[in-house]
Amino acid sequence: MTTEIHTLVGAYVLDAVDDIERASFERHLRECDSCRLEVDEFRETTAQMAHDTWSVPPPWLRDNVMSEISRTRQAPPVIPEAPAAPPVRGVSRRRWLVSAAAVVVAAAGAGSAVYVVQDQRVRDQRQIAEAARVDQARVRQILAAPDVVLNEQPVSSGGRVTVASSRLHNAGVVLLAADAAPAGRVYQLWTIRGGGDPVNAGVLADGQSADVVVVEGLPGASDVAVSLEPPGGSAQPTSTPVADVKLT
Amino acid sequence: MAERGASRRPEHLAAVPDSGAPPPADAGELLREVARGDEKAFGRLYDLVAPRVYGLIRRVLRDPAQAEEVAQEALVEVWRSAARFDPARGSATSWIFTIAHRRAVDRVRSEQAASERTIRAGVASVDTPYDAVADEVSGRLERQQVRRCLEDLTELQRQAVTLAYYQGHSYPRVAELLGTPLPTVKTRMRDGLIRLRDCMGTGVSA
């Protein structure tokens with residue numbers, strides 16, 4: 001792990017090396033299990049950085065890709081040269097804890113307590129991120145649908161609400177980015193279908209003015225409305241909606 | 001970002017379950033099915049990862065038209081080599097993003113791309129409405145954690161990591177841009193990633 005070539009590990013994972021360095025590094029990896037583990041963990045890290053970048057692809061990209069793969073032969077699996085490493089699934093968390101502990105020790109040894117101090121906050125952040133992740137997957141799925149339809153409407157009290165809905169997924173995503181609600185009021189989302197009474201689609205917390213909400217079964221609804229309600233929300237809107245998005 | 005994280009909202013605001021739509025699938029499972037030639041599974045995998053594949057490539061290339069082209073190449077490559085994915089080495093998404101990032105970097109480094117970019121720059125600068133929504137949604141949900149973790153890096157670590165990852169620069173070029181010796185840049189890339197890894201956690205992904 002201390003060889004000269006290994007100092008390239010960061011640059012290698014970031015694809016910041018040239019082809020010759022890449023080849024030498026990969027040769028080095030074949031001989032060093034712990035280095036491989038480091039690379040694998042860094043790849044998970046850069047994958048998280050990729051989460052930061054997403055952008056809805058043009059809808060026709062899906063058709064293009066699907067038609068190309070139907071004409072593309074798949075490569076056979078590679079027979080592993082070395083005995084396979086133990087599977088990550090199920091033990092990844094423990095593995096991570098072990099490596100975190102190692103980092104704390106290493107950092108302490110280097111005269112820095114930064115990681116120790118950050119540890120609790122880091123754990124909190126991770127829990128928050130994991131809670132959001134389930135929703136995120138669904139949000140992405142809906143936004144990437146080839147038939148996604150967008151409707152947007154200003155919020156009369158400032159800001160706007162955007163509704164993306166997909167019949168294919170029988171679901172929609174409501175994105176509210178409004179100005180702060182007046183004191184003592186919270187934003188509440190509603191769906192309206194077929195002239196019936198509005199149905200609660202989510203109540204924002206006190207002080208919260210932006211949110212992304214997945215509404216399953218949204219296609220078929222005629223409107224998505226937003227109103228200001230007492231904290232905790234109401235069974236039916238108690239005021240004129242600040243936004244009413246017609247779903248066409 | 002002053003607004004609260006979406007994840008802190010109360011429980012009753014979670015997605016309303018019903019309606020028989022398929023639940024979000026696991027990329028690893030889908031990739032295994034794709035490896036057996038299942039085109040339908042590939043379609044579901046596409047839905048799951050395409051916005052990130054496209055977004056990442058677009059971020060590196062900064063040109064929607066080329067990003068579309070390279071995203072297509074990368075996604076077809078995922079199909080082609082699905083059987084080579086080794087779950088013992090990490091998550092399916094990280095394997096996919098590795099392919100996507102490599103493709104984007106290859107493109108950005110080629111001379112040909114440079115001239116193409118110049119020609120296309122005028123044509124391709126129009127954002128679709130999809131972009132606006134994507135930016136906002138990703139802003140709410142995902143940027144916060146990555147940003148927070150990036151903010152925990154030293155300035156040099158952050159610059160070294162982001163210039164390479166998000167802009168596709170080689171480490172000698174990063175050293176040049178930052179006016180920093182090569183060995184220092186290599187070290188900052190590595191210790192920056194170590195710190196990010198511990199801030200974000202590894203082995204978890206959708």
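Taken together, the values in this text are just the output of simple stated rules run on the coordinates, not laboratory data. Being a predicted model, the structure only gives us computed values, none of them experimental. As a convention, Cβ positions derive from the backbone with ideal geometry for all residues, glycine included, and neighbour counts pool all protein chains shown.
Listed values, structure above:
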quantity: Hz values of 3J(HN,Hα) by residue in the range A:56-62 - Karplus curve (6.51, -1.76, 1.60), Gly and Pro given as x; calculated: 6, x, x, x, 6, 4, 4
quantity: Per-residue mean of C-beta atoms belonging to partner chains within 10 Å, peptide A:157-168; calculated: 1
quantity: Residues whose placed amide H lies under 5 Å from that of A:Asp223, excluding near-sequence neighbours; calculated: A:Ile192, A:Leu247
quantity: A:Asp19, B:Asp26, B:Asp47 arranged by Cβ crowding within 10 Å, fewest neighbours leading; calculated: A:Asp19, B:Asp26, B:Asp47
quantity: Other protein chain Cβ atoms within 10 Å, averaged over every residue that makes up B:44-50; calculated: 6
quantity: Hull-based mean projected area of the range A:1-52, where the convex hull spans the alpha carbons, in square nanometres; calculated: 3.4 nm²
quantity: Distance between modelled label sites at A:Ile5 and A:Ala180, nm, 7 Å Cα→Cβ extension; calculated: 5.8 nm
quantity: Inter-chain Cβ neighbour average for residues B:65-74, partner chain, 10 Å; calculated: 3
